[in-house]
Amino acid sequence: MPDSNFTWGVGTSAYQIEGARHADGKDPSIWDHFADTGRMPESGDVACNHYHRWREDVALMADMGIDAYRFSIAWTRVVHDGDGTPNTAGLDFYSRLVDALLATGITPWATLYHWDLPLVIQERGGWPERSTVGAFEHYAEVVGRSLGDRVHHWITHNEPWVAAFLGHFTGDFAPGLSDGGTALRAAHHILLSHGRAVDVLRSTSPGCEVGIALDCRPSTPASDDPADVAARHHFDGFRNRWFFDPVFGTGYPDDMVEAHRARGRIPGATGDPIPWDLDGDLHAIAAPIDFLGLNYYTSLVRGAGREESEESGVAPGPDVPEGYTEMGWPITPDAFAEYLVHVHETYRPAAMVITENGASYSDGPDPDGTIDDQRRIAYLDAHVDAVARAAAAGVPMTGYFVWSLLDNLEWTSGYAQRFGLVWVDHATGERIPKASARWYRDRIAAARVSASSRGPG
Ligand code: IFM
């Protein structure tokens, strides 16, 4: 990587690892409810029990030699009743974690929202309701005031497309709603709450750096046929541009406003304003950020005739010589490098950080107790190389976070999908670093040696 300031990290999220569902006055979230109502094969009630084993997890990270740890804060732990008084016991958990990270030389990167909306806020309408923006600002303020003196890297939202569209359009994720207009209202309020939280964090965490972690699905057309080219452009608008464009100040893409309107998701005639997009919202959404976080896993081939939200079942072909991960996702590091250049050329973010990248493989302990996850190493190596290529092409890459530190709860896929550098036995909670954890430690050390031998600049 270009310089010694490059940040190497790992990431997790609260619901996926913490467990301790009822500890210290934690309220239920929409994911607790999703599990309770039978929409998940397994719940996060115990997960990796990180809430009680966090010291061990910090030690595992220290052994890897990482610079930074990206975790998310559970809104339901730190604010009573969604928008009530601060929950001191919950805040103390994150405060102790942050102190331990800093004492170990690991920089905390905190995400405010990784999908676990307080259930009480959902019962008042959730993200489709504008009042949720105010509740989120209050939550951001509580967290900023408590941790902002020690946490200097903030991510407002993780993967707003997933929260809005898997949560409110396909209904696959909590809260499990299936309506296009509802999804677009949710997306708008999530984006607005991002912009507002940027301001809140700047005032409560002086000198901090703030960004957002956008998920992306780059795509290529199945053929030169104009129908395939148009289908790919629509998919890009549905999946990527609807979020990237407003965050970077150009508003919602016109072609997609009309495409959504044509599908009955936005009321009114061509050219009418979006009713829930009030004066000033787009300005707030475009609040200047210090870095763009990108979560990248795969890219797709798009042709005409597929549902816009359909992403599985892409046939193997010459475009994916590296094969598929166990999520069924094509392994496409070249598309990753190309997309980083594209994002930089299109939006010109000040800095770009890979806030998530990783692969699910189920390799477990051999008879001697070691875990030789060579496929994960190959995946990560190819993607780190893609980041290096983008950096060499002039993209301001400043960090890379492996998803994930631990084998954790992969949402509706349960514990079967394992993304961790560290194996977790979910019956006992035992952790075993995999070969990929040692590979990552060595990769980081080699990058540091190479950066220092080049010297400053
Ligand atoms: O586990 C998820 C994470 O919560 C968000 N980004 C994608 C990961 C793998 O599916």
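If I ask for residues that are surrounded by fewer than 18 Cβ atoms within 10 Å (Cβ to Cβ) and within 30 Å of residue 340 (Cβ to Cβ), which ones from region 260-283 would you list?
Selection gives 283 alone.
Out of 111, 88, 107, I need the residue that is away from the ligand (no atom under 16 Å from the Cβ) and touching a strand residue (DSSP E or B) at 6+ places or on another chain (Cβ under 6 Å). Which one?
On the way: 111 fails: away from the ligand (no atom under 16 Å from the Cβ); 88 fails: touching a strand residue (DSSP E or B) at 6+ places or on another chain (Cβ under 6 Å).
107 is the lone residue from the list that is away from the ligand (no atom under 16 Å from the Cβ) and touching a strand residue (DSSP E or B) at 6+ places or on another chain (Cβ under 6 Å).
Six or more apart or on different chains, Cβ atoms under 6 Å: show the pairs whose first residue is in region 19-37 and without any contact (Cβ under 8 Å) to a residue 40 or more places away in the chain and under 20 Å from residue 57 (Cβ atoms) and whose second is of a type in the set (Val, Ile, Thr) and open to solvent by 10 Å² or more (accessible area, probe 1.4 Å).
Every condition considered, the pairs that remain are 19/46.
Taking region 139-156 as the search range and keeping residues that are outside any strand (DSSP E or B) and hydrophobic (A, V, I, L, M, F, W, C), which one is nearest to residue 208 (Cα to Cα)?
If we filter region 139-156 for residues that are outside any strand (DSSP E or B), which is where we start, we get 139-152.
From the residues that got through so far, the ones that are hydrophobic (A, V, I, L, M, F, W, C) too are 140, 142-143, 147, 151.
Working: 140: 14, 142: 16, 143: 13, 147: 11, 151: 8 Å.
Among those residues, the one meeting the criterion is 151.
Could you please let me know if residue 338 is closer than 19 Å to residue 300 by Cα, more than 14 Å from the ligand (Cβ to nearest atom) and open to solvent by 60 Å² or more (accessible area, probe 1.4 Å)?
Yes; evaluated as a whole, the condition is true for this residue.
Identify the residue in region 157-172 that is touching a residue at least 24 places away in the same chain (Cβ under 8 Å) and not in a helix (DSSP H, G or I) and, among all such residues, is most open to solvent (accessible area, probe 1.4 Å).
Result: 172.
For (1) of a type in the set (Ser, Thr, Tyr); (2) assigned to a loop (DSSP other than H, G, I, E, B), each residue gets a yes or a no:
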position	(1), (2)
402	no, no
409	no, yes
420	no, yes
427	no, yes
432	no, no
440	yes, no
443	no, no
446	no, no
451	no, no
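Working only within region 409-446, note down all residues that are within 12 Å of the ligand (Cβ to nearest atom) and open to solvent by 20 Å² or more (accessible area, probe 1.4 Å).
The initial filter retains those residues of region 409-446 that are within 12 Å of the ligand (Cβ to nearest atom), namely 409-415, 417-420.
Selection gives 410, 412, 413, 415, 417, 418.
Residues that are part of a strand (DSSP E or B) and more than 16 Å from the ligand (Cβ to nearest atom): does region 223-245 have at least one? Break it down into steps so the answer makes sense when it comes.
The first filter runs over region 223-245 and keeps only residues part of a strand (DSSP E or B), leaving none.
Checking region 223-245: not a single residue is part of a strand (DSSP E or B) and more than 16 Å from the ligand (Cβ to nearest atom).
Looking at (1) surrounded by 22 or more Cβ atoms within 10 Å (Cβ to Cβ); (2) among the charged types (D, E, K, R); (3) closer than 30 Å to residue 389 by Cα, which is the one condition that is false for residue 57?
With (1) surrounded by 22 or more Cβ atoms within 10 Å (Cβ to Cβ); (2) among the charged types (D, E, K, R); (3) closer than 30 Å to residue 389 by Cα applied to residue 57, the lone miss is (3).
Select from region 350-365 the residues that are closer than 22 Å to residue 7 by Cα, away from the ligand (no atom under 16 Å from the Cβ) and surrounded by fewer than 23 Cβ atoms within 10 Å (Cβ to Cβ) and list them in ascending order.
Kept after step one, since they are closer than 22 Å to residue 7 by Cα, are these residues of region 350-365: 350-359.
This time we only want the ones that are away from the ligand (no atom under 16 Å from the Cβ), so: 350-352.
350, 351, listed by residue number.
The values are calculated or read from the model by the stated rules, or taken from the named source; none is laboratory data. The shown structure was predicted, so the numbers you read here are calculated from the model rather than taken from an experiment. Heads up, the Cβs are rebuilt from the backbone with ideal geometry, glycines too, and the neighbour counts pull from every protein chain shown. These area figures cover heavy atoms from the full protein model, side chains too; ligands, DNA and RNA do not enter into them. Shrake-Rupley method; radii C 1.70, N 1.55, O 1.52, S 1.80 Å.
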